[in-house]
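Step one of this worksheet: look at the structure below.
All of the numbers you see were taken from the coordinates with simple rules; none came from a lab. Keep in mind it's a predicted model, so treat the numbers as computed, not measured. We place every Cβ from the backbone using ideal geometry, glycine too, and count neighbours over all the protein chains shown.
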Amino acid sequence: MIDFIQMIVSGVATGSTYALMGLAMVIIYKTSEVPNFAQGEMALVTSYFAMMLLTTMNMSVYLAFFLSFVFAAILGAFLEFAVLRRAKEPNVLGMIVITIGIEMIILGFVSWKFGAEQKTMPFPIGPYDGFIIYDIYISKLDVLTLVSALFFMIVLFLFFKFSKLGLAMKATQQNSVAAQIVGIRTNRIMMMTWGISSLVGATAGLLISPTIMHPFMMWDPMLKGFAAAVMGGMTSLPGAVIAAYMLGIIENLFGGYISIEFKTVVAFVIIVLVLCIKPSGLFARHYIKKV
Amino acid sequence: MANLLEVKNIETYYDLVYAIRGASFSVEEGNITAILGNNGAGKSTILKTIMGLIEDQPDKGIIEYEGKPIQHKDTDVIVRQGIAYVPEGREVFEELTVNEHLLMGAYTRKDPSGVKQDIEKVYEYFPALKQRANQWAGTLSGGEQQMLAIGRGLMLKPTLLILDEPSLGLSPILVKEIFSIIKEINAQGTTILLVEQNANMALSVSSTGLILENGRFVMKGKSKDLLQDKDVKEFYLGIKSETSAKGFQRWKRKKAWR
């Protein structure tokens, strides 16, 4: 029984990083209708930036993290402004290829600048700090990840539901011509979404970096986050989060009871099953256009 | 009265298609101006050119609003100067509620209390929308979506309201209703530029009428004169003057203004 609960607890912990990545991808998808495959690497470069501030510049942790968040937001906005907006007559496929291109460039840049070996992030909470409640080990880092995932989910949900800017973002996604007609600066909205999304993704990167830190560290969380976003219907924030936790928990239980080797594959098997049964995702409430 | 909008000799291309071939007209403040024409004459293109929705167009010519040139500006800048545009075929946001639409219509405004009042006013014009206030726009009927598009335009509190075929696809009763509302909006001080296929309806509410053919204006006049004009009657209002004097020879009038 203890094993079972322990597995669920660590499933929730891994699910939280998937949830943050999923949220980041959903935000961009909501306005641009593009799955952003550069999401993981945007978070990667931000984590390395934070490490650089902490180790070579000896900055205080709070200042370094604050600057990293600013960096992440600017990076996202910059990529939208400098690369994606320049695409003439873009279609979704072309945009996806562009994001993959950005991803490879950033990955190459990080490996060249910082080296491909495992690094250590001087994070205030170490990966092995934790406490034990009723014989169940809970890592402090996991608690922090869980809290920040839930925090971002709630804030973003409220933002899209009630704020004027959030409403304008939804409007831009649904009909960009009509959005221009009511006076929304659609270009600026796109830039802002990329900034916010990059910031959410970077949080995941920063929280993963104390445990693993090398140029490929964001591969798995990004793909699983994307999987969660697809399962949640690509446009639903709570959907992506719930799906991310489901993936995290199922993956851990599978690894514990059935086969540790196929642990990472199980998430993708689940998506295939879900998409076969409910192609629009588990939580999507998409209105289908009348012809 | 002064001219609110002044379009001078604009030429618009869609890639290689020469759509507007030097059109000039003006919209007088406080009036309803109607542009009529057949399918493909370029009516909607003129409006899109004015709103800056066609990239890099107009190729030539000047568009002046309140005396200042607005061509080659971004759509949102043009909108912020007080021009509301209700596009053809009701471009609504499918997954926003009616209420959220009206809030989005007032996106550029900074007076929350005024916005609230205006939402009530729109619901007064279109009571059908009030019942659907919390329903997604995509689930509304065509007529309701058209009302919503007009209501969204009104939320801007525009000085100039541009309507692109408000009667498209509506039942005759709804068309009448919408036109009476257009008249009422105008009576409260909003200048209106109207593009229509339904010439009879458009000429009966407007004060000035223009006829567009193949990207050029071919006729301009007071609407009540146009309603009586022989050519307009025959080619746009569908009143036939085709009679045969002796019963064996029929002369069909065909006129092109080019």
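Taking other Cβ within 10 Å of each residue's Cβ, how do A:ARG86, A:ARG185 sort, fewest first? Before the final figure, lay out the partial values.
Numbers: A:ARG86 9, A:ARG185 20.
Ranked by crowding around the Cβ, least crowded first: A:ARG86, A:ARG185.
Specify, per residue and in Å³, the volume enclosed by the convex hull of the alpha carbon atoms belonging to chain B.
Values: hull volume 36.6 nm³, N = 258.
Output value, Cα hull per residue: 142 Å³.
Counting other C-beta atoms within 10 Å, which of A:ASP135, B:ASP59 has the fewest, and how do the rest follow?
Working: A:ASP135 9, B:ASP59 14.
Placing the least packed residue first, the sequence is A:ASP135, B:ASP59.
Over the protein assembly as shown, what is the percentage of antiparallel beta bridges among all DSSP beta bridges, to the nearest 5? Please report the intermediate quantities before stating the final value.
On the way: 27 of 46 bridges.
Around 60 percent antiparallel, to the nearest 5.
In the neighborhood of A:LEU156, defined by Cβ-to-Cβ distances under 13 Å, what is the net charge if each Lys or Arg adds +1 and each Asp or Glu adds -1? Don't skip to the end; give the middle numbers.
Details: positive: A:LYS30, A:LYS161, A:LYS170; negative: none.
Net charge around A:LEU156: +3.
Using only the alpha-carbon atoms of the protein assembly as shown as identical scatterers, what base-10 log of I(q)/I(0) does the Debye formula give at q = 0.06, 0.09, 0.10, 0.13 Å⁻¹?
-0.41, -0.77, -0.88, -1.21
Which distance in Å, rounded to a whole number, links the C-alpha centroids of the stretch B:153-203 and the stretch A:1-51?
Here the answer is 50 Å between Cα centres.
What's the Cα-based Rg to Rh of the stretch A:20-224, Rh via Kirkwood? Mind dumping the intermediate values first?
Values: Rg = 17.8 Å, Rh = 17.8 Å.
Answer for the stretch A:20-224: 1.00.
So for the pair A:TYR128, A:PHE81, with labels modelled 7 Å out along Cα→Cβ, what separation do we get in nm?
4.5 nm
Run the quick spin-label model on A:SER111 and B:GLU124: label points 7 Å from Cα toward the beta carbon, then report their separation in nm to one decimal.
Each label point is offset 7 Å from its Cα along the Cβ direction, giving 6.8 nm.
Taking 27 Å as the cut-off for C-alpha to C-alpha distance, list the pairs among B:LYS68/B:LYS130; A:LYS170/B:LYS48; A:LYS170/B:LYS116; A:LYS161/B:LYS48; A:LYS140/A:LYS263 that go past it. The partial results should precede the final answer.
Values: B:LYS68/B:LYS130 38 Å; A:LYS170/B:LYS48 24 Å; A:LYS170/B:LYS116 21 Å; A:LYS161/B:LYS48 31 Å; A:LYS140/A:LYS263 24 Å.
The pairs that break the limit, which is 27 Å between Cα atoms, are B:LYS68/B:LYS130; A:LYS161/B:LYS48.
If the chain between B:ALA2 and B:ARG109 were fully stretched, how many nm would it gain, using 0.36 nm times the residue separation less the Cα-Cα distance? Don't skip to the answer; put the middle values down first.
Numbers: separation 107, 0.36 × 107 = 38.52 nm, distance 2.58 nm.
Between B:ALA2 and B:ARG109, full extension yields 35.9 nm more.
In square nanometres, what is one fourth of the surface area of the convex hull spanned by the alpha carbons of the stretch A:103-205? Before the final figure, lay out the partial values.
Details: hull surface 40.9 nm².
Mean shadow area of the hull around the Cα atoms is 10.2 nm².
Computed FRET efficiency, Cβ-Cβ of B:GLU55 and A:VAL147, R0 51 Å: what is it to the nearest 0.05? Could the numbers behind the result be given before it?
On the way: r = 46 Å, r/R0 = 0.90.
The calculated FRET efficiency here is 0.65.
So, R0 is 41 Å and r is the distance between the beta-carbons of A:SER280 and B:GLU184; what FRET efficiency does that work out to, to 0.05? If you can, show how the numbers build up before the last one.
On the way: r = 43 Å, r/R0 = 1.04.
Once the sixth-power term is evaluated, E becomes 0.45.
How large is the helix-only mean residue ellipticity at 222 nm for chain A, computed as the sum of -39500 (n - 2.57) over DSSP H runs with n ≥ 4, divided by its residue count, in deg cm²/dmol to the nearest 500? Before the final figure, lay out each step's value.
Working: 11 runs with 202 residues, N = 291.
Mean residue ellipticity, 222 nm, calculated: -23500 deg cm²/dmol.
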